[in-house]
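Everything below concerns the one structure shown next.
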Amino acid sequence: MGRVIGIDLGTTNSCIAIVEDGQPIVIPNSGGYKTMPSMFGISQDGKRLVGHLAKRQAITNAQNTVYAAKRLIGRRFDSTEVQRSIELCPYEIVQGPHEDARIELAEKTFTCPELAGITLREMKRIAEEYLGEPVHEAVITCPAYFNDAQRQGTKDAGKIAGLEVLRIINEPTAAALAYGMARPGDQRIAVYDLGGGTFDVSILEISEGVIEVLATAGNTFLGGEDFDRRIVAHIVKGFEEAEGIDLRSDTMALQRLKDAAEKAKCDLSMREETEINLPFIASDPEGPRHLNFELDRVMLERLVDDIVQGTLKSVEQCVQDAGLRPSDVDQVVMVGGQSRMPLVQSAVSDYFGKRPHKGVNPDEVVALGAAVQGAALVEEGQDVLLLDVTPLSLGISTYGGHFARLIDRNTTVPVTKAHIFTTTRDDQSAVKIRVFQGESDLATENDLLGEFVLAGIRPARKGEPEVEVSFDIDSNGIVSVSARDLATGQEQSITVSSTSTLSDSEIDQMAADQQNYEVAFKG
Ligand code: ADP
Ligand code: MG
C-alpha cells in the first residue's frame with residue numbers, strides 16, 4: 001500500500017508532508033524549497049508553468065499568471081468577493097456555466113478546482129520523486145471557515161490531480177494536531193492562522209489522543225494580500241502627488257509595486273524601516289521616472305491596523321462560542337506567514353494575555369498535521385480522534401425568505417439532522433427546498449449551497465404528507481441531503497445541485513486534460 005501525503009493547499013504557498021518513522025516531516029522539492037507558490041502561468045511561448053517558475057514570470061506576464069485562485073474556489077461569479085477580485089487581479093476572471101468564476105489564460109479557460117488541481121499534481125509529483133514510489137492518497141487541508149461549495153471544490157481539485165482525498169481537514173485543526181503530537185498532555189489551545197488570503201481561528205481541547213475543536217471563526221477573504229494592497233495604494237497615492245503620474249492603470253508597474261510592497265512588509269517584520277526602489281517605473285515626455293519610497297513600521301501599522309483589529313473580532317467571537325474567557329486558553333499557536341508581523345503578534349498576545357507559543361514553524365505546521373492525520377487514517381495503532389465542527393450554520397429558506405437553521409455553527413461533525421416537510425396545498429406532488437449556509441436570518445444573505453425538488457409525493461390533503469429530509473455533514477464538512485416518504489418508507493433520491501460545483505464528467509475531463517500535460521511539468 002502506498003503512503004498517504006498531507007498537503008497544505010495554501011492560497012499563497014503550498015506544502016507537503018509525510019510521516020516517516022512515526023514523525024511528520026516536510027518534503028522539499030528537488031531545489032530544496034519546503035513550500036511552493038500556489039501559482040500557475042502560461043509563458044509567452046505557450047508553456048505551462050507551475051510554482052516557482054510561474055512566480056518568476058508574474059511581473060512580466062501578469063495577465064497569464066494566476067495567484068490566489070483559492071480565493072475564488074466554490075464562489076458564485078456574482079458574489080462580492082469575485083467582483084472584487086475582478087477589480088484587483090491582473091488576470092481575466094470570467095463567468096462559467098455553473099455561475100462559477102473561471103480564469104482565462106492565453107485564451108484557455110480554467111476552473112478554480114482545475115487550477116488548484118495543477119498545484120496538487122505538482123505536489124504529488126514532488127512527493128513521488130522524493131519517495132521513489134507512486135502516491136495515490138492524500139489528506140488535504142482547507143480553511144476552517146470554508147463552506148460546503150469551497151470544500152467540494154477542494155475535493156474536486158484532488159480528483160483532478162489524480163489523488164484520492166481520504167479526508168479534508170481544517171488548517172487550524174491540522175496545526176493543532178501537529179502541535180499536540182509533539183506536546184502531549186491536556187491543554188486548551190487557540191490557533192490563529194493568518195495566511196495570504198484567508199484568516200481562521202479555532203479553539204481546541206487536546207487530551208490523551210483526542211483533539212476536539214470547541215469553536216471556529218474566520219474570514220475566507222482576508223489575509224496578507226490585503227496588507228500588500230494597502231501598501232500599494234499608499235505608495236501609488238504618494239507617487240501621484242509627487243510626480244503627477246497615476247500608476248493605477250499600468251499593469252506591469254502595479255505588479256512590480258505589489259511585489260516590492262510584499263517584500264517591504266516582510267522586511268518590516270524584522271526591521272524598523274525599509275526602502276522601496278523601483279527604477280523606470282513610469283515615463284512621461286520629460287523622461288523616465290523612478291520610484292523611491294521609505295516605509296517604516298509605524299506607517300505600515302497605521303495602514304493595516306483596522307485589518308488586524310478585524311481579526312480580533314473573529315477571535316473574540318470564537319472564544320465566546322467556545323464558552324470560554326481569553327484567560328482560559330493555555331497556549332496560542334500562530335500559523336501563516338502574515339502572523340509573523342509584530343503588530344499581529346502583539347495584538348494577539350494582548351488579547352489572550354500571554355505570549356504566543358514559539359515552537360512551531362508557521363509555514364509547515366499545517367502540512368505536518370495533515371500528514372499525521374493521513375497516517376492515522378491508514379495505519380493501525382495510530383489513534384487520534386479528531387472531533388471538528390462545522391463553521392457555518394446550515395439551514396433552508398422558509399416562507400418569507402427566512403433562514404431556518406437546521407444545524408447550528410460549531411456543531412461537532414459528522415452530524416445528521418432530520419426534519420419533516422409537508423405540503424401547503426391539496427394534492428401538491430412536489431416541494432422545492434433551498435439549502436443555505438451562513439449566519440444571517442435572511443436566507444438570501446447566506447451562501448446558497450443548492451436546491452432540490454422533492455417529487456412524487458402521493459396525492460393528499462395539504463399538510464398530510466410527511467417527508468423526512470436528512471441533512472448530513474460528514475467529517476470533511478461536506479453536506480449531503482436525503483429524503484424518505486414516511487408513509488411509504490420510500491427513499492427519495494435527491495441531489496443538491498450546487499450552483500458552483502463541477503459534474504463528474506467535467507472532473508474526469510479535467511483530470512484527463514492534466515495528464516496530457518504531465519510531461520510538460522516534468523520538463
Ligand atoms: P497561505 O496559507 O495563504 O498560503 P502563507 O501562510 O504562506 O499563506 O502566508 C503568506 C502571507 O504571509 C503572504 O501575504 C506573505 O507576504 C506573508 N508573510 C510571509 N512572511 C512574512 C513576514 N516575515 N512578515 C509579514 N508577512 C509575511
Ligand atoms: Mg496557510
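Is it fair to say LYS55 is of a type in the set (Lys, Arg), open to solvent by 20 Å² or more (accessible area, probe 1.4 Å) and within 12 Å of ligand 1 (Cβ to nearest atom)? So LYS55 fails the test.
Considering VAL308, VAL333, VAL315, the condition of being open to solvent by less than 20 Å² (accessible area, probe 1.4 Å), in a strand (DSSP E or B), at negative phi and in contact with a helix residue (DSSP H, G or I) (Cβ under 7 Å, 6 or more places away or on another chain) is satisfied by VAL333 alone.
Residue count for the range 343-356, restricted to those that are surrounded by 19 or more Cβ atoms within 10 Å (Cβ to Cβ) and either within 19 Å of the chain's Cα centre (by Cα) or over 26 Å from GLY10 (Cα atoms) (or both): 1.
No other residue among GLY310, GLY337 is within 16 Å of ligand 2 (Cβ to nearest atom) and of a type in the set (Gly, Ala, Ser) apart from GLY337.
Residues in the range 259-298 that are without any contact (Cβ under 8 Å) to a residue 40 or more places away in the chain, in contact with an Asp or Glu (Cβ under 6 Å, 6 or more places away or on another chain) and either among the basic types (Lys, Arg) or under 22 Å from GLN63 (Cβ atoms) (or both): ALA261, GLU262. A Cβ distance below 8 Å, combined with a sequence gap of six or more or placement on separate chains, defines the contacts here; from the range 128-152, residues that are over 21 Å from THR111 (Cα atoms) reach residues that are open to solvent by 30 Å² or more (accessible area, probe 1.4 Å) and within 16 Å of ligand 2 (Cβ to nearest atom) in the pairs TYR145/ASN219. If you go through the range 230-258 and pick out every residue that is outside any helix (DSSP H, G or I) and in contact with an Asp or Glu (Cβ under 7 Å, 6 or more places away or on another chain), you end up with 2.
For the range 1-29, the set of residues classified as within 16 Å of ligand 1 (Cβ to nearest atom), among the aliphatic types (A, V, I, L, M) and under 17 Å from THR173 (Cα atoms) consists of ILE7, LEU9, ILE16, ALA17, listed by residue number. Screening TYR192 against (1) within 15 Å of ligand 2 (Cβ to nearest atom); (2) at pLDDT below 95; (3) out of contact with any Leu (no Cβ under 9 Å at 6 or more places or on another chain) leaves a single unmet condition, (2). Filtered by the rule that a residue be within 16 Å of ligand 1 (Cβ to nearest atom), open to solvent by 20 Å² or more (accessible area, probe 1.4 Å) and either in contact with a strand residue (DSSP E or B) (Cβ under 6 Å, 6 or more places away or on another chain) or not small (Gly, Ala, Ser) (or both), the range 264-283 gives CYS266, ASP267, MET270, ARG271, GLU272, GLU273. Answer yes or no: is there a residue in the range 190-208 that is assigned to a helix (DSSP H, G or I), more than 14 Å from ligand 1 (Cβ to nearest atom), open to solvent by 10 Å² or more (accessible area, probe 1.4 Å) and touching a residue at least 12 places away in the same chain (Cβ under 8 Å). No: zero hits.
Within the option set ILE86, ILE73, being aliphatic (A, V, I, L, M) and touching a strand residue (DSSP E or B) at 6+ places or on another chain (Cβ under 6 Å) holds for one residue only, ILE86. When we screen PHE227, PHE221 for residues that are within 16 Å of ligand 2 (Cβ to nearest atom), touching a residue at least 24 places away in the same chain (Cβ under 8 Å) and assigned to a helix (DSSP H, G or I), the only hit is PHE227. For the range 209-225, a residue qualifies if it is within 15 Å of ligand 1 (Cβ to nearest atom) and open to solvent by 10 Å² or more (accessible area, probe 1.4 Å), and the qualifying residues are GLY218, ASN219, THR220, PHE221, LEU222, GLU225.
The residue list ARG297, ARG340 contains one member that is over 24 Å from SER14 (Cβ atoms), among the basic types (Lys, Arg) and open to solvent by 30 Å² or more (accessible area, probe 1.4 Å), which is ARG297.
Of the residues screened, ASP228 is one that is within 14 Å of ligand 1 (Cβ to nearest atom) and farther than 30 Å from ARG409 by Cβ. What about GLU240, is it among the acidic types (Asp, Glu), under 24 Å from LYS258 (Cα atoms), open to solvent by 10 Å² or more (accessible area, probe 1.4 Å) and within 16 Å of ligand 1 (Cβ to nearest atom)? It is false that GLU240 is among the acidic types (Asp, Glu), under 24 Å from LYS258 (Cα atoms), open to solvent by 10 Å² or more (accessible area, probe 1.4 Å) and within 16 Å of ligand 1 (Cβ to nearest atom). In the range 39-57, the residues that are under 14 Å from MET123 (Cα atoms) and touching a residue at least 12 places away in the same chain (Cβ under 8 Å) reach residues that are among the basic types (Lys, Arg) and open to solvent by 50 Å² or more (accessible area, probe 1.4 Å) with C-beta atoms within less than 6 angstrom, at least six apart or across chains, in these pairs: MET39/LYS55. Taking the range 132-147 as the search range and keeping residues that are under 30 Å from THR411 (Cβ atoms) and not in a strand (DSSP E or B), which one is nearest to ligand 2 (Cβ to nearest atom)? Out of the qualifying residues, it is PRO143. Taking the range 396-431 as the range and being surrounded by fewer than 12 Cβ atoms within 10 Å (Cβ to Cβ), in a strand (DSSP E or B) and out of contact with any Asp or Glu (no Cβ under 6 Å at 6 or more places or on another chain) as the test, no residue passes.
Can you find, within the range 4-40, the residue that is farthest from ligand 2 (Cβ to nearest atom) among those that are in contact with a His (Cβ under 9 Å, 6 or more places away or on another chain) and part of a loop (DSSP other than H, G, I, E, B)? Restricting to residues being in contact with a His (Cβ under 9 Å, 6 or more places away or on another chain) and part of a loop (DSSP other than H, G, I, E, B), the top hit is GLY31.
The values are calculated or read from the model by the stated rules, or taken from the named source; none is laboratory data. Quantities reported herein were computed from a predicted structural model and do not represent experimental measurements. Note: ideal-geometry Cβ built from the backbone for every residue, glycine included; neighbour counts use all protein chains shown. Side chains included, ligands, DNA and RNA excluded: accessible areas come from the protein's heavy atoms. Shrake-Rupley method; radii C 1.70, N 1.55, O 1.52, S 1.80 Å.
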